[in-house]
Amino acid sequence: MFFYYLDLAWRSIKKTPMLSALMIMAISIGIGITITTLNIYKMMSTNPAGEKSGKLFAVQLWSQGPDAWDRFDPQITYQDGFNLLKSDIPRLQTPMFRTGGAVQTEDPAFLPVLQSRVRVTNNDFFPMFGLEFQYGQAWDDSVDQDARYEVVLTDELNKTLFAGKNSVGKTIYFNAKPYQVVGVLKPWAPSPNYYDLNNGAFGNVDTLFVPYSLAPIEEYGSWGNTNGWNYESINNYAQRLTSEKHWTQFWVQLDTPEQVAEYRQWVGQYIEQQKKLGRFGSPKADVQLSDVDQWLAINKVVPEDNKVLVGLSVLFLIVCLVNMLGLLLSKFLRRAPEIGVRRAIGASQGQIFAQHMVEVSLMGLFGGLLGLAWAWGSLMLLTKKFDLESSLTHLDTSMWLIAPMIAILAAVVAGIYPAWRVCTTNPSVYLKSQ
Amino acid sequence: MLSMKNISKVFKTDLVETHALRDFNLEVNEGEFVAVTGPSGSGKTTFLNIAGLLEGFTHGDYFLDGINVSNLSDNKSAAVRNEKIGFIFQGFNLIPDLNLAENIEVPLRYRGFSAKERKRRVEQALEQVGLGARMKHLPTQLSGGQQQRVAIARALAGEPRFLLADEPTGNLDSLMARQVMELLENINQSGTTIIMVTHDPELARRAQRNIQIVDGQVCDFTMYQPNAARSASHSSVDKLVANAQG
Ligand SMILES: Nc1ncnc2c1ncn2[C@@H]1O[C@H](COP(=O)(O)OP(=O)(O)O)[C@@H](O)[C@H]1O
Ligand SMILES: [Mg+2]
């Protein structure tokens, strides 16, 4: 029966090509705009951590004094990061911050390249955030204890420096110091780059990784944010490391709710201990653990504007649907005599209704596919004209399913009333008028 | 097989109430060929639509094959229409976009027959009305008489036991009308009960039984009479009476 209805629907669409084109156009424009905004929204709000999302926690400490800012700062102090590492509760844990500098190979012909996205971190970073290696591996644990000059390159930087060849064992120069390459990552670009949102959530993934243990030696500058709440005179790097300035991020992996509770308690004790040393002066001194979803929400990765935009585009879709409803009503009612005949010779109301639903669904499907093309085009345009981050304007594969589904659903919603009108009209009315 | 008891039907519009049928009583037996005549507006079509379950009614009871069909759900009445009843209309009412075979197939589709069974029945029905070679023609490519024969084939394809025809020859010239009438007679002879509304006293006379509807009631019915002249004068007297009443 479905195929019979499909055949009838196709004939009906062909019979009134202009009207059908108009309706399909109406849906497609509504869908095109909705899918465009929805795609951007989705790209902004995806949680790239996948199944680990609920196990990774950003650690925030209310370490500031009573008259400082009235919220948890996204970062913590270096000394707190250093101390937190002493807990043996998290399976993995890493302090980190961003730096930058010139990178060069041993090839004298190679001109130095500036890398502004260099991550200073320990080797837990890689398993924690799911980075995989195409060559070599992370530096081993001993490097995090006793600093050695070792680095991990992303696929991207390895292509720049070594044309993508296995560079493990090679030497690179970072800020004129030699480092040995121990690993090259597979392509990796979480979007948003949730592990550090300080410099923007999109298109901001690091390209080079250096050991955290080198920070006091190499005195890497922070290329991210530094927040202070009191006056401290800082004249050298050692003072920076012991200051109350917030400039490092800290993440832990806690696999069970028990571990989370245990860790929270452990940090609570740490805070109590620090209070005795005269730190954590605020009565609100506390720890906040946020899993990835919470972290993205706290950092407002999806701007409020974007939600408004999605809402507006849905409203626009509704306007398109109201138009379509009117067109459908006139089209279906014009066909009422034929429907009268069908009813007279044995079609039930349900069968007539189903026939019309199949017809509107088919139009919805066409509208959805066309709308997808509009969305693809407008996202291209946004990338080109407005320089939007391409990780945001890439048409997500899920939209291939979502667009036709919304379109069909929308068409069905628009079609219910017209279809109901034709199938409930008494067939004898049309037969008599003949 | 058809039995209507005290049926009345009132159409209400904003301004007027029309009593299309009032205390309407009729029994039709299996295999009969009944011709219905009566002045325009007397309720013939309304009666046929009620008989065909296309329309409900205000009061009374309607039994079809001994079953009370007065208050069937839409699904059930659609099924009864599909299986037991065939319709033929004055305006043929073929679906213009469908070719002859597809038109005849429509009721079979709704009944859920397999493609093979549909094909068999379509061919058989077209053969029966003498249009076997024209399966792929569109209705507009046929003359009125041919179109009506297709409509009859459509009604026959479901092998109904009960054929309702509302002025089936009203739009046809007398030659074509006679052909259609002969076709209906053949169908009746093979056992199908037929109720036919007609304006043509000549055709009515050929039926086994004539009834007349005047003012929404069965005014008089005459069993089949071999003496055609007597029957004609009889019905013209009735017409005079009816006009006087109207
Ligand atoms: N749907 C309707 N609404 C209102 N009045 C109707 C409707 N259908 C028929 N009627 C009225 O009912 C009466 C009988 O109509 P009908 O059965 O079509 O007569 P006939 O077929 O004998 O010419 C007429 O007066 C007609 O105007
Ligand atoms: Mg009539």
Give the residue that is farthest from the other protein chains (Cβ to nearest Cβ), with candidates limited to residues of region A:328-344 that are more than 30 Å from B:Glu159 (Cα to Cα) and without any contact (Cβ under 8 Å) to a residue 24 or more places away in the chain.
A:Ser330
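Yes/no per residue for (1) closer than 30 Å to B:Leu53 by Cα; (2) within 14 Å of another protein chain (Cβ to nearest Cβ); (3) part of a helix (DSSP H, G or I):
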residue: A:Gly346; (1), (2), (3): yes, yes, no
residue: A:Val358; (1), (2), (3): yes, yes, yes
residue: A:Met363; (1), (2), (3): no, no, yes
residue: A:Gly367; (1), (2), (3): no, no, yes
residue: A:Trp376; (1), (2), (3): no, no, yes
residue: A:Met380; (1), (2), (3): no, no, yes
residue: A:Thr383; (1), (2), (3): no, no, yes
Return a yes/no flag: does region B:49-68 have any residue that is surrounded by fewer than 21 Cβ atoms within 10 Å (Cβ to Cβ), within 10 Å of chain A (Cβ to nearest Cβ) and either over 20 Å from A:Ala336 (Cα atoms) or not β-branched (Val, Ile, Thr) (or both).
yes
Selection within region B:38-57 - farther than 17 Å from B:Ser77 by Cα and in contact with a Lys or Arg (Cβ under 8 Å, 6 or more places away or on another chain)
B:Gly38, B:Pro39, B:Gly43, B:Thr45
Give the residues of region B:28-74 that are without any contact (Cβ under 8 Å) to a residue 12 or more places away in the chain and either of a type in the set (Phe, Trp, Tyr) or part of a strand (DSSP E or B) (or both), sorted by residue number.
B:Ile67, B:Asn68
Going through region B:109-135 one residue at a time, which ones are in contact with a helix residue (DSSP H, G or I) (Cβ under 9 Å, 6 or more places away or on another chain) and within 9 Å of chain A (Cβ to nearest Cβ)?
B:Arg109, B:Tyr110, B:Arg111
Reported set for region A:413-434 where residues are closer than 24 Å to A:Ser28 by Cα and either within 16 Å of ligand 1 (Cβ to nearest atom) or surrounded by 18 or more Cβ atoms within 10 Å (Cβ to Cβ) (or both) is A:Ala414, A:Gly415, A:Pro418, A:Ala419
Within region B:46-55, is there a residue that is away from ligand 2 (no atom under 16 Å from the Cβ) and either aliphatic (A, V, I, L, M) or in contact with a strand residue (DSSP E or B) (Cβ under 8 Å, 6 or more places away or on another chain) (or both)?
yes
Verdict on B:Phe63 being farther than 22 Å from B:Ile88 by Cβ, within 16 Å of ligand 2 (Cβ to nearest atom) and either at pLDDT below 95 or not small (Gly, Ala, Ser) (or both):
no
So, B:Phe87, is that one at the interface with chain A (Cβ under 10 Å from one of its Cβ atoms), under 21 Å from B:Pro168 (Cβ atoms) and touching a Gly at 6+ places or on another chain (Cβ under 7 Å) or not?
yes
Taking region B:24-40, which residues are surrounded by 14 or more Cβ atoms within 10 Å (Cβ to Cβ), away from ligand 1 (no atom under 15 Å from the Cβ) and more than 15 Å from the chain's Cα centre (by Cα)?
none
What about A:Arg117, is it under 30 Å from A:Tyr231 (Cβ atoms) and either at pLDDT 95 or above or out of contact with any helix residue (DSSP H, G or I) (no Cβ under 9 Å at 6 or more places or on another chain) (or both)?
no
Can you pull out the residues in region A:60-92 that are under 19 Å from A:Glu272 (Cα atoms) and touching a Leu at 6+ places or on another chain (Cβ under 6 Å)?
A:Ile76, A:Tyr78, A:Asp80
I'd like to verify a number: residues in region B:148-202 that are within 16 Å of ligand 1 (Cβ to nearest atom), within 14 Å of another protein chain (Cβ to nearest Cβ) and surrounded by fewer than 20 Cβ atoms within 10 Å (Cβ to Cβ), how many?
2
Test result for B:Gly43, more than 12 Å from ligand 1 (Cβ to nearest atom), crowded, with 22+ Cβ neighbours inside 10 Å and within 13 Å of chain A (Cβ to nearest Cβ):
no
List the number of the failed condition for A:Leu8; all other conditions in (1) more than 19 Å from A:Ala403 (Cα to Cα); (2) crowded, with 18+ Cβ neighbours inside 10 Å; (3) more than 14 Å from chain B (Cβ to nearest Cβ) hold.
(3)
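Conditions (1) of a type in the set (Val, Ile, Thr); (2) in a loop (DSSP other than H, G, I, E, B); (3) in the same structural domain as A:Asn123 (by TED's automatic domain parsing), marked per residue:
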| site | (1), (2), (3) |
| --- | --- |
| A:Glu232 | no, yes, yes |
| A:Phe250 | no, no, yes |
| A:Ile271 | yes, no, yes |
| A:Phe280 | no, yes, yes |
Would you confirm whether any residue within region A:310-327 is of a type outside the set (Asp, Glu), in a helix (DSSP H, G or I), within 11 Å of another protein chain (Cβ to nearest Cβ) and touching a Ser or Thr at 6+ places or on another chain (Cβ under 9 Å)?
no
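The values are calculated or read from the model by the stated rules, or taken from the named source; none is laboratory data. Keep in mind that what you see is a predicted model, and the values were worked out from it rather than measured. Using ideal geometry, Cβ is built from the backbone for each residue, glycine included, and neighbour counts are taken over all protein chains shown.
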